Amino acid sequence: GNSVTQMEGPVTLSEEAFLTINCTYTATGYPSLFWYVQYPGEGLQLLLKATKADDKGSNKGFEATYRKETTSFHLEKGSVQVSDSAVYFCALSRDFGNEKLTFGTGTRLTIIP
Amino acid sequence: DTGVSQDPRHKITKRGQNVTFRCDPISEHNRLYWYRQTLGQGPEFLTYFQNEAQLEKSRLLSDRFSAERPKGSFSTLEIQRTEQGDSAMYLCASSVLRTSGTGKLFFGEGSRLTVL
């Protein structure tokens, strides 16, 4: 079946540090890949996505590249801010036409000033 | 845009009792999803609706669970004869049909169920 594996958290970084959150997936065919973010006191929201191999999704300074050969979709940001403190979820979808997503376990990120 | 709202935000109940959660999606969204999130896990898909039609149910949704969306607006998720294993955060999300397949879901903050 489909599955998503994320690096264990929590992750604590200093402001302006480089961020990588690893995500690998198992799925047949060509899933779409997503990163969702949950800020404190809010619902999950879509951060970025990629729908085919070698696509790069980007938003708010975050990037992730769909790597078919390594089945990975690592999230990166060059310089994190305190406001990036949140829980980040990697997810995939094998269904075209709906939002039935398979999520990873989430990685809690804390940025200290 | 008032966002997706869920009620109640937290429910504590005794094993064997019935509970019902309500979700109000964003007003123009015709698709509505329920997910469940247990401690330390990511959200897991339960079921989804397009307007009032329930299009798919996960095998996770046992016979004790029932979801409805009677007029294609708000939805309810009822759990009968609750068990301790039902303790989780129940998440509702909505989307519009024209963006289907893009992963663009709008989530509520969830309803946390604690079964004693």
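Numbers at a glance
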item: Residues (buried (at least 17 other Cβ atoms within 10 Å of the Cβ), away from chain B (no Cβ under 11 Å) and of a type in the set (S, T, N, Q)) located in segment A:1-47; result: A:T24
item: Residue count for segment B:58-69, restricted to those that are at pLDDT 95 or above and over 14 Å from B:S111 (Cβ atoms); result: 4
item: Where B:G101 falls short, out of the listed (1) at pLDDT below 95; (2) closer than 19 Å to A:Y39 by Cβ; (3) facing chain A (nearest Cβ under 9 Å); result: (2)
item: Residue tally, condition over 15 Å from the mean Cα position of the chain (by Cα) and of a type in the set (V, I, T), over segment A:2-25; result: 1
item: Residues that are within 14 Å of chain B (Cβ to nearest Cβ) and among the hydrophobic types (A, V, I, L, M, F, W, C), drawn from segment A:48-62; result: A:L48, A:A50
item: Set A:T24, A:T28, A:T65: member being over 24 Å from B:F49 (Cα atoms) and modelled with pLDDT under 95; result: A:T28
item: Subset of segment B:21-37 [surrounded by fewer than 17 Cβ atoms within 10 Å (Cβ to Cβ) and modelled with pLDDT of 95 or more]; result: B:R22
item: Filtered residues of segment A:69-106 (kept if small (G, A, S), surrounded by fewer than 16 Cβ atoms within 10 Å (Cβ to Cβ) and either in contact (Cβ under 8 Å) with a residue 12 or more places away in the chain or within 26 Å of A:P40 (Cβ to Cβ) (or both)); result: A:G78, A:S79, A:S83
item: Residue that is touching a Leu at 6+ places or on another chain (Cβ under 8 Å), of a type in the set (A, V, I, L, M) and touching a residue at least 24 places away in the same chain (Cβ under 8 Å), where the choices are B:L97, B:L113, B:L105; result: B:L105
item: Whichever residue in segment A:38-87 is of a type in the set (V, I, T) and under 23 Å from A:E16 (Cα atoms) and, among such residues, is farthest from the chain's Cα centre (by Cα); result: A:V82
item: Hey, B:D86 among the acidic types (D, E) and touching a strand residue (DSSP E or B) at 6+ places or on another chain (Cβ under 8 Å) or not; result: yes
item: Matching residues in segment A:1-53 - criterion: being part of a strand (DSSP E or B) and at positive phi; result: none
item: Residue selected from segment B:62-97 under the condition within 14 Å of chain A (Cβ to nearest Cβ) and of a type in the set (A, V, I, L, M, F, W, C), by the criterion surrounded by the most Cβ atoms within 10 Å (Cβ to Cβ); result: B:C92
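The values are calculated or read from the model by the stated rules, or taken from the named source; none is laboratory data. Note that this is a predicted model, so its numbers are computed, not measured. Cβ: placed from backbone, ideal geometry, glycine included. Neighbour counts: every protein chain shown.
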